[in-house]
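Below is one structure, written out as structure tokens, with a few remarks after it.
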Amino acid sequence: MFLVSKVFWLLAQPLSLIFVLLLLSYVFGSAGFQRLYGALSGIAATLFFFTLFTSCGAVMLQVLENRIARPASLPADLSCILILGGAFENEVIAGRGGMEFNQAADRFIEGLKLAQAHPAAKILVSGGDGSFSGTYDGDAQTSIAFFSTFGISPDRIIREDQSRTTFENAANTKQLLDGNGLSNCALITSAFHMPRSVGLFRKLGIPVTPWPVDYRTSGQLTLRPDVSQPSLNAQLTTTAMREWTGLIAYYMSGRTHVLFPQ
């Protein structure tokens, strides 16, 4: 299932889909199917425009980010800080050493902040190697060095280093929480990723307090043309489409109770 989802997304993400549509339009055009050629070319051009030159992707991402708000505070008796991986550039770290983050670095920065504020709480990091090769350390392994740098004892950290998808994050984490007698957890992940994550944890009967981070929109965007930052627009659209696709797939497969958890 992991490889199927990876291959599917390689083809289904906006720029790949545009390329496939253009390729098909060329094939049908060469075969004399001019109407199909025109229809596919038009769809590709429209998708290209909305992906690169509008705020469409940012607005779709904003809807996800606004779905679950961060609470005013966490329970005083917090027993576990649960961090979903996806923030370390493990391939770069393997080649160059050091500690390299991507845009989701807030997951671990906020996790460190909460760990310092709640010294009795365990830190459970869920994240294995999600690459095709499977030859790199996952976030759970890399996080040991990160937290140790800031004086957090490795004894506080529980590693879940086998998961490669959000569903595996939740399923594998449930076993570790049950095995360690932990139930009162804060869930840290990117705000746009929180609805799907919460939906999975609820389905598995894992009570968590959502603690969204890594916001990528202002929360006040409207749909409009935007020709100033096409590369960023494409990135935001890709992220949004991937998350919405995941929400739909998980709901249709019965892994979540509702389409858009809140």
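The values are calculated or read from the model by the stated rules, or taken from the named source; none is laboratory data. Since the structure is predicted, the reported quantities are computational estimates derived from the model, not experimental observations. Cβ coordinates were reconstructed from backbone atoms using ideal geometry, including for glycine residues, and neighbour counts include every protein chain displayed.
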Original post:
All but one of (1) more than 21 Å from residue 131 (Cα to Cα); (2) modelled with pLDDT of 95 or more hold for residue 206; which doesn't?
Top reply: (2)
Original post:
Picking from 132, 88, 101, 108, which residue would you name as being of a type in the set (Phe, Trp, Tyr) and at pLDDT below 90?
Top reply: 132
Original post:
Just a yes or no: is a residue in segment 11-30 surrounded by 14 or more Cβ atoms within 10 Å (Cβ to Cβ), touching a residue at least 60 places away in the same chain (Cβ under 8 Å) and either not assigned by TED's automatic domain parsing to the domain that holds residue 239 or not in a helix (DSSP H, G or I) (or both)?
Top reply: yes
Original post:
Do we find a residue being under 24 Å from residue 225 (Cβ atoms) and of a type in the set (Phe, Trp, Tyr) anywhere in segment 86-94?
Top reply: no
**OP:** Test each condition in (1) within 27 Å of residue 246 (Cα to Cα); (2) more than 19 Å from the chain's Cα centre (by Cα); (3) among the polar types (S, T, N, Q) for residue 162 and report the one that comes out false.
**Re:** (2)
Subject >> Members of segment 151-195 found to be among the hydroxyl-bearing types (Ser, Thr, Tyr), within 21 Å of residue 253 (Cα to Cα) and surrounded by fewer than 19 Cβ atoms within 10 Å (Cβ to Cβ), listed by number >> reply: 165
Subject >> Residue list for segment 222-234, restricted to those being crowded, with 17+ Cβ neighbours inside 10 Å and either more than 21 Å from the chain's Cα centre (by Cα) or closer than 30 Å to residue 175 by Cβ (or both) >> reply: 226
Subject >> Single match in 33, 50 (criterion: touching a Cys at 6+ places or on another chain (Cβ under 7 Å) and in the same structural domain as residue 231 (by TED's automatic domain parsing)) >> reply: 50
Original post:
Does any residue in segment 79-103 that is part of a loop (DSSP other than H, G, I, E, B) come within less than 8 Å, Cβ to Cβ, of a residue that is of a type in the set (Ser, Thr, Tyr) six or more places away or on a different chain, and which pairs are these?
Top reply: 79/183; 85/126; 85/143; 85/163; 86/189; 86/190; 99/142; 99/149
Original post:
For segment 105-115, does any single residue satisfy the condition of being in the same structural domain as residue 164 (by TED's automatic domain parsing) and either in contact with a Ser or Thr (Cβ under 7 Å, 6 or more places away or on another chain) or assigned to a loop (DSSP other than H, G, I, E, B) (or both)?
Top reply: yes
